[in-house]
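Below: one structure, written as structure tokens.
The values are calculated or read from the model by the stated rules, or taken from the named source; none is laboratory data. On a predicted model such as this, the values are computed, not experimentally measured, just so you know. Ideal geometry is used to build each Cβ from the backbone, glycine not excepted, and the neighbour counts take in all protein chains shown.
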Amino acid sequence: MKTTGFHHVAIICSNYEKSKNFYVDVLGFSVIEETFRADRNSYKLDLRVGECDRIELFSFPNPPQRPSSPEACGLRHLAFQVENLDAAVANLQSQGVPVENIRVDEITGKRFTFFKDPDNLPLEIYEK
């Protein structure tokens, strides 16, 4: 699998307004897009970090504390951008790495999937 860089870093926060203030007003990241997802009672805030780096800041009602469940406070996952998602999935599977079903991002329309590292950290591959 050949990666072309990071696509984004996703963070789930326990207090959306406080975290939004910190990342925007304190750290100076610019807002790309803010989306409220009513079906999840959740915000997704896309932030520009530098020229082409991105943080996705998520809020969820009462997120559990964790290092392993993907919908919890802290680092959600790391996402790696790939040219060809099908080839990347095939490469991982050929090496015995379980990969989730491919999904489509409801906001961007891009395809992605998840797998885990040896310590159960969720990792994502996101098609360019």
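Here are the numbers for the structure shown:
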| item | result |
| --- | --- |
| Qualifying residue in the range 87-99 (condition: under 15 Å from Phe6 (Cα atoms) and out of contact with any helix residue (DSSP H, G or I) (no Cβ under 7 Å at 6 or more places or on another chain)) | yes |
| Candidate set: the range 56-76, residues that are buried (at least 18 other Cβ atoms within 10 Å of the Cβ) and assigned to a strand (DSSP E or B); chosen: the one modelled with the lowest pLDDT | Arg76 |
| Val31 being among the aliphatic types (A, V, I, L, M) and assigned to a helix (DSSP H, G or I) | no |
| Selected residue (only one of Leu75, Leu123, Leu92 is under 19 Å from Asn15 (Cβ atoms) and of a type outside the set (Val, Ile, Thr)) | Leu75 |
| Output for the range 1-41, where each listed residue is small (Gly, Ala, Ser), surrounded by 14 or more Cβ atoms within 10 Å (Cβ to Cβ) and within 25 Å of Val99 (Cβ to Cβ) | Ala10 |
| Test: residue in the range 80-98 that is loosely packed, with under 11 Cβ neighbours inside 10 Å and either in contact (Cβ under 8 Å) with a residue 60 or more places away in the chain or within 17 Å of the chain's Cα centre (by Cα) (or both) | no |
